[in-house]
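Step one of this worksheet: look at the structure below.
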Amino acid sequence: MGIPGFRTRASRTYSINLQVLNALKVTPSIRILGDLPTAELNSEDYVASVSAKIEGFVAAWNETAERRLLAVEVWSRRTHLAIDLNNDQYDYQTAHQHSVILPVYLLQFSSRSRTWKFSRRQRQDAPVAARIAILHHANGQNPLPFLEDHTKIITHYTPRSSTH
């Protein structure tokens, strides 16, 4: 069973899911930074398209972890997504003020090799947490996941106050 829309082998999906489970054994809470080619996504609904692309992974994660898709950021060539697994420190109401730094793992799809890769990205722990706090601030009380489409003009109508 592969990922819908991609020609991946079931063994690779299984291998990555094992790596995720092993990461959760080392640290009970992790953040997954997804990296997908934008050209392979449906521009009419990026969130649904991203969700469909990672469906094979997410189904396995749901069995062992509390999952939260926080944000999808679309750029001309690549689209990034942030998923927290077992982040019990997360508080939607204060997430714009308090960055929760979790170990970041990169889940990357390569257009050339048509394969997924999964690896630890320690240098991204703090920057990704800071970016998520910025997205919470900019998007106000909008529901998760936040969508930032950098291929268009981004307007934030109701950002959160820094004092609340």
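The values are calculated or read from the model by the stated rules, or taken from the named source; none is laboratory data. As the structure is a prediction and not an experimental result, all values here were calculated from the model. Every residue, glycine among them, receives a Cβ derived from its backbone with ideal geometry; neighbour counts consider all protein chains shown.
In segment 46-68, how many are closer than 20 Å to SER111 by Cα and of a type outside the set (Gly, Ala, Ser)?
7
For segment 104-120, how many residues are under 22 Å from HIS136 (Cα atoms) and either surrounded by fewer than 18 Cβ atoms within 10 Å (Cβ to Cβ) or in contact with a Gly (Cβ under 7 Å, 6 or more places away or on another chain) (or both)?
Number of matching residues: 1.
Does ARG77 meet the test of being surrounded by fewer than 21 Cβ atoms within 10 Å (Cβ to Cβ) and in contact with a strand residue (DSSP E or B) (Cβ under 6 Å, 6 or more places away or on another chain)?
So ARG77 fails the test.
Taking the condition of being over 23 Å from ARG120 (Cα atoms), surrounded by 19 or more Cβ atoms within 10 Å (Cβ to Cβ) and not aliphatic (A, V, I, L, M), how many residues in segment 29-48 meet it?
Total meeting the criteria: 1.
Looking at segment 63-74, which of the residues that are in contact (Cβ under 8 Å) with a residue 40 or more places away in the chain and not in a helix (DSSP H, G or I) is surrounded by the most Cβ atoms within 10 Å (Cβ to Cβ)?
Looking at residues that are in contact (Cβ under 8 Å) with a residue 40 or more places away in the chain and not in a helix (DSSP H, G or I), I get VAL72.
State all residues of segment 18-62 that are β-branched (Val, Ile, Thr) and not in a helix (DSSP H, G or I); if no residue qualifies, say none.
THR27, ILE30, ILE32, ILE54, listed by residue number.
Any residue at all in segment 85-95 that is part of a strand (DSSP E or B) and either at pLDDT 95 or above or at negative phi (or both)?
Yes - at least one qualifying residue is present in segment 85-95.
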